[in-house]
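Structure first, then comments.
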Amino acid sequence: MSLPQFWYGVFNNYSSATIYDPWVYQLYNVAFTSFPIMIYAIYDQQYSVRKSLKQPELYQVGLKNELFNFSSIAFWFATTAFYALILMLICFLAEQVTINEEGMMIDFMTSGMTIFACCVVIVNLKILVLSYTYSLGLIIAMVGSILMIYIVYALVEAYVPFGEMRNILYPQLSSWSYWGALLSCVGLILTF
């Protein structure tokens with residue numbers, strides 16, 4: 001979530017401008033990604049209990065620090081930084097070719113909210129891709145989490161009398177570039 005903001009800073013000479021609405025940004029961990037990861041952590045299991053008890057050598061990966069070492073953490077950080085760069089570039093390029101009904105280009109806040117929505121969708125779908133066990137609760141939590149972002153967008157737009165999120169949701173959802181960016185980012189990032 002923070003790395004697209006970092007890459008945005010690189011491209012605008014670290015002007016301290018933000019691409020996310022602060023109201024929505026504060027809800028990222030609480031409302032948009034917490035329930036799917038909790039259900040994943042509680043219910044997902046790679047092996048059955050019976051197989052885990054019969055084959056204790058399955059635990060050797062953890063005992064030898066094969067998954068939690070510097071090289072694996074560096075790999076995941078580099079991968080995430082690359083994903084964030086791709087996400088930011090695709091969303092900004094897609095949104096900058098869109099002209100609204102007043103004949104003006106879409107602003108940076110709309111592009112930022114597109115990046116934000118892509119992050120929420122990608123994180124939730126990445127949990128699904130990495131799961132070994134699929135449950136109805138996980139699917140409901142993921143779909144609810146993805147739908148929650150649009151509900152929060154609508155609530156912030158309707159009830160927050162100030163801020164830059166005024167009149168963003170409908171133009172964003174009716175724009176072909178929004179859906180193109182979302183599908184491109186999800187497809188590209190989930191395939192790697």
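Rounded to the nearest 20, the size of the Cβ-charge dipole of the range 2-191 about its Cα centre is 860 debye, with Lys and Arg at +1 and Asp and Glu at -1. Given a cut-off of 20 Å, what percent of all Cα-Cα pairs of the chain lie beyond it? Here the long-distance tail beyond 20 Å is 62 percent of all Cα pairs in the chain. Arranged from fewest to most other beta-carbon atoms within 10 Å of their beta carbon, 80, 191, 33, 110 become 191, 80, 33, 110. If you line up the long axis of helix 176-191 against the longest principal axis of the chain, both from Cα atoms, how many degrees apart are they, to the nearest 10? The angle comes out near 20 degrees.
I need to check one value: relative contact order of the chain, counting alpha carbon pairs closer than 8 Å and at least 6 residues apart, in percent. Once divided by the residue count of the chain, the mean separation gives 34 percent. Between the helical axis of 34-43 and the longest alpha-carbon principal axis of the chain there is an angle of about 10 degrees.
None of the figures in this text is laboratory data; all of them are computed from the coordinates on show. Since this is a predicted model, take the numbers as computed values, not measurements. All Cβ positions, even for glycine, are placed from backbone atoms using ideal geometry, and neighbour counts span all protein chains on display.
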